[in-house]
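Derivation of every value follows stated rules applied to the coordinates shown; laboratory data play no part. Not measured: the values here are computed from a predicted model. Cβ placement follows ideal geometry from the backbone for every residue including glycine, while neighbour counts extend to all protein chains displayed.
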Amino acid sequence: MSSFNIENYLDSLPDDVYHIDISSKDLTYLPSLDRFTNLKLLNCENNRLTFLPDLPQNLEVLNCDHNQLNSLPDLPDTLETCSCDSNNLITLPPLPKNLEKLFCSLNQLINLPPLPDTLKVLIFLSNQLNILPPLPNSIEILFCNINQLINLPPLPNQLVQFYCSFNQLTTLPPLPNTLEILCCDSNQLTILPALPNTLKKLYCNDNKLTSLPPIPDKLQVLNCDKNKIPYEDLKSYRSFHKFRFTYYKTKFGSKLERYFIKNIRNKGINKEFKEIIYSPNYDFYKRFLNPDILKMFSK
């Protein structure tokens, strides 16, 4: 089979092409994209690129996941979605003022640039951050799992899903009254803030908690395994029949989840969890793994 010739392919495209997909072509470089002035979407994921050319000034979506990039070029002001997971990035360029979604997991980031007020989704698992910039109130979904965070800035007042597992947090800031999912397991928390009435799922296992705040009526899932909560208190939580209490189910699950978190750092998100999802034992595993973690990693 002949190898893919990127220059011939780009030469075959009209100047006004809207979408270029050159994913999984084993590319080591990209030629200039300057003539594609109407380009809105560029997908170059799963190659061996170490750099990108200047990006078209009308680009709205960039997907460069799973490459070997050490840096990104300047991002156009029109960009709305930037996905650069699984590269070798240490820093990011200034973010466009219209950016709505940023995915930068599995890199070596030590900080984030200032975040635009338009940002709605921010996901940066498995980096090396120990501090975050101010978070704009527009953010609705925030994943900062598997970093080195020791504290957090005030949370956005529109936040719906918040995942901060596997950090070094000792406290959490006040939780917004829009929050539906809180996953703060595997930290060093000794106390939780007041839980909003909107909360549906709470994963606070593997911390140093000695008690829980009042449980919201809408809560459906609670996992508080591996803390220091007295057994008598646990019995009272267990008496709630409104939600699925997972304390006694997840001792095996905690070990399993830790195993896959460790492998994610080394081998990438999709590969490890696809092995589980397509495993003959998936029905067994999924009883123990945090279901929201599974959804996140099996995109």
Legend entry - Peptides 61-69, 210-218 ordered by average Cβ neighbours within 10 Å, highest first: 61-69, 210-218
Inset, instruction - In nm, give the distance between the simple-model label positions of ASN8 and ASP117, each being 7 Å from the Cα along the Cα-to-Cβ direction. - result: 5.1
Legend entry - Evaluated over segment 54-193, the Cα radius of gyration and Dmax, each in Å: 14.8, 49
Inset, instruction - Using a cut-off of under 20 Å, list every residue of segment 78-117 whose amide N is near the label point 7 Å from the Cα of ASN130 along the Cα-to-beta-carbon line. - result: 89-92, 106-114
Legend entry - Backbone N within segment 43-69 under 16 Å of label point (7 Å from ASP21 Cα along the Cβ vector): 43-47, 61-65
Inset, instruction - For an R0 of 41 angstrom, estimate the FRET efficiency from the Cβ-Cβ distance between THR91 and TYR231 and round to the nearest 0.05. - result: 0.30
